[in-house]
Ligand code: EPU
């Protein structure tokens, strides 16, 4: 995989537009096969996970194409209900095709889902839910087969899994009867998936709260839909601005999706101004550490920004404590940051970050999608040059992280 070289010491300064949301569009792409017709989806990010998902759709016999940021999907006559492991193992979100195929055909065979190396990521919550809805599930080492015309059920999630909430919503949209999801995830991406399904004709209530009610309908129809902005990509650049004590303005952002991030940035001393479709941050005086920050399901601080926050806190003036509560192994970037002079200690899920005066550039390796972005942010504040291997990870979720950071004044080769 390719590498980038970041030349440190330049505060971020400037303005850019934020891409459409990865975690918003992936469930929408899966859910689009519930209808037999055409969907036109706008503001889709041109990233690897989206392109891989289009490959899955093609394997299923769906006609799809992406022009600029608009994807057209024609599911008329699709017949295939099996997806090879070679395709599913590239992304965790391939699991959402289980609910979608069950919803369309009452049958699905999927290779095992893959995804970033951030924890065990079992699928028990998904499987238990489908079984409760009447599916027969056979799990083998390399594939999952599911069969059954689904019926509505009361389902209580043992934790508010984003993917399981989405998978159940997708499957329940065309199931017979009413499904109620208790302890559901409340992420903005859940609200958006509900909006998309409702536009197609589904009956859904309560999305955004912990109880979601889906009353199954017989048919859904094609629609034109616009994807939400990517709150994690926006958060990446906001944290980069604060780490470098810079000033940036981001357009095409829904700042309401960044509530917990704004709280942390303000605690560090940043000035934030919200605009109708954007956000401005001034990090010139943002050097205070954070006594305690925990990653939590939305509306808490997102786990996807944990490693990037580490880079920012690594150069704060004092000691911060960060607790990772979502994934049990999302610490791969710590060793790389410590190579650059950061002082971060991991004890179980507790991270103690003792702020240092400066980091120094050295060769480091991106270990996963958000970890790569965290190392770019660290490279921006480091003295000298930081060579970061494995840019391919970033390409899963950032349209062009180098272009964006350079648009904000970063020096990257
Ligand atoms: N979990 C289980 N069993 C399950 C499902 C989840 O134990 O059946 C556990 C997971 O192992 C994890 C926790 O529950 O410890 C939360 O997982 P969740 O299901 O909520 O995550 P996900 O749906 O797999 C989505 C995002 C992730 C994001 C998480 C948490 C997509 C495509 N992915 O994953 O995004 O970190 O929610 O917010 O929406 C990223 O974009 O970098 C990324 C990893």
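See the values below:
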{"quantity": "Selection within segment 154-185 - within 14 Å of the ligand (Cβ to nearest atom), in a loop (DSSP other than H, G, I, E, B) and either closer than 19 Å to residue 95 by Cα or without any contact (Cβ under 8 Å) to a residue 12 or more places away in the chain (or both)", "calculated": "157, 158, 159, 160, 161, 184, 185"}
{"quantity": "Segment 110-131: number of residues that are near the ligand (Cβ under 8 Å from one of its atoms) and either in contact with a strand residue (DSSP E or B) (Cβ under 6 Å, 6 or more places away or on another chain) or not in a helix (DSSP H, G or I) (or both)", "calculated": "9"}
{"quantity": "Among residues of segment 23-47, those that are more than 12 Å from the ligand (Cβ to nearest atom) and either at pLDDT below 95 or more than 16 Å from residue 224 (Cα to Cα) (or both), counted", "calculated": "1"}
{"quantity": "Residue selected from segment 137-153 under the condition surrounded by fewer than 17 Cβ atoms within 10 Å (Cβ to Cβ) and closer than 22 Å to residue 221 by Cα, by the criterion farthest from the ligand (Cβ to nearest atom)", "calculated": "149"}
{"quantity": "Single residue of segment 223-250 satisfying the filter (touching a strand residue (DSSP E or B) at 6+ places or on another chain (Cβ under 8 Å) and assigned to a loop (DSSP other than H, G, I, E, B)) that is surrounded by the fewest Cβ atoms within 10 Å (Cβ to Cβ)", "calculated": "223"}
{"quantity": "Test: residue in segment 244-262 that is within 16 Å of the ligand (Cβ to nearest atom) and closer than 20 Å to residue 174 by Cα", "calculated": "no"}
{"quantity": "Where residue 93 falls short, out of the listed (1) surrounded by fewer than 18 Cβ atoms within 10 Å (Cβ to Cβ); (2) at pLDDT below 95", "calculated": "(1)"}
{"quantity": "Yes/no for residue 287 being outside the structural domain of residue 183 (by TED's automatic domain parsing), more than 16 Å from the ligand (Cβ to nearest atom) and out of contact with any helix residue (DSSP H, G or I) (no Cβ under 8 Å at 6 or more places or on another chain)", "calculated": "no"}
{"quantity": "Residue 51 surrounded by fewer than 24 Cβ atoms within 10 Å (Cβ to Cβ), in contact (Cβ under 8 Å) with a residue 60 or more places away in the chain, within 16 Å of the chain's Cα centre (by Cα) and within 16 Å of the ligand (Cβ to nearest atom)", "calculated": "no"}
{"quantity": "Failed item in (1) more than 12 Å from the ligand (Cβ to nearest atom); (2) farther than 22 Å from residue 313 by Cβ, with residue 234 passing the rest", "calculated": "(2)"}
{"quantity": "The lone exception for residue 134 - which of (1) within 13 Å of the ligand (Cβ to nearest atom); (2) touching a strand residue (DSSP E or B) at 6+ places or on another chain (Cβ under 7 Å) it fails", "calculated": "(1)"}
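The values are calculated or read from the model by the stated rules, or taken from the named source; none is laboratory data. Just so we're clear, the structure is a prediction, and the values are computed from it rather than from any experiment. Every residue, glycine as well, gets a Cβ built from its backbone with ideal geometry; the counts of neighbours run over all protein chains shown.
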